[in-house]
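Throughout, read-outs are computed from the coordinates displayed, never taken from laboratory work. Predicted model only: the values in this text are computed from it and were never measured. Cβ sites come from the backbone with ideal geometry, for glycine too, and all protein chains shown count toward neighbours.
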Amino acid sequence: MTEYQLVSLWSKARHHVIISQLGPIFLLIVTIGLLAGGLGHSSVAVKLATAGILLASGILGAVAQVSAANEAMSIAEELRVLDTGSAISRRIVQQSGYANIVRFVTPTIFALIFVAILVSLAFPGQVTVIQFGRVPLN
């Protein structure tokens, strides 16, 4: 493959990583908002459905992210071997290690947030939530 083709593939893999994070992030934000609105006091069926939706979207998002990160690392390796000397190729090769954040750190953060949401669903009103941006008036 040519350098141009590899750089194009790198850009597509990077785009896939970004897009694959949007769905799970949106669902987590909405769920946290719904928890604040009383979702934790809903029926067990609603709580299980919420957990299932979050888990499924998280797993699919993680698979897409890890797959795109693995592809990006392979593309960077191809660029390293090609060794054209261009600045963009050198930069991609240098930054390829950051794909490990997508492969390991991002799914770990999602798992921790998912556990926190499960705890909030299981024990509504019993988990203290830190409220940012509110200053006591007394």
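Annotation: the residues Ile117, Ile75, Ile32, sorted from fewest to most other C-beta atoms within 10 Å of their own C-beta, follow the order Ile32, Ile117, Ile75.
Estimated from helical segments only, the mean residue ellipticity of the chain at 222 nm is -25500 deg cm²/dmol, where each DSSP H run of four or more residues counts as -39500 (n - 2.57). Mean silhouette area of the chain, derived from the convex hull of its C-alpha atoms and averaged over all directions, reads 10.9 nm². If you take the square roots of the eigenvalues of the alpha-carbon gyration tensor of the range 71-111 and sort them as a ≥ b ≥ c, do you get rounded (a/c under 1.5), prolate (a/b over b/c) or oblate? It is prolate, given that a/c is not under 1.5 and a/b is the larger ratio. Among Ser96, Ser43, Ser20, the largest mean-square fluctuation in a Gaussian network model of the chain (Cα springs under 10 Å) belongs to Ser43. Taking the Cα centre of the chain as origin and assigning +1 to Lys and Arg Cβ atoms and -1 to Asp and Glu Cβ atoms, the resulting dipole is close to 320 debye. Taking the C-alpha atoms only, the angle from helix 44-82 to the longest principal axis of the chain is near 20 degrees. Mind giving me the FRET efficiency for Leu118 and Ser67? R0 is 30 Å, r the Cβ-Cβ distance, nearest 0.05 is fine. So the FRET efficiency works out to roughly 0.70. Note on Arg90 and Thr108: the model spin-label points, each 7 Å out from Cα along the C-beta direction, lie 3.2 nm apart.
Please compute the net charge surrounding Leu82, taking Lys and Arg as +1 and Asp and Glu as -1 over other residues with Cβ under 15 Å from its Cβ. So the environment of Leu82 carries a net charge of -1. Subtracting the Cα-Cα distance of Ile101 and Leu34 from 0.36 nm times their residue separation leaves 21.2 nm of extension gain.
Using a Gaussian network model of the chain with C-alpha springs under 10 Å, which one of Val81, Val30, Val105 is most mobile by mean-square fluctuation? Judging by the Gaussian network model, the answer is Val81.
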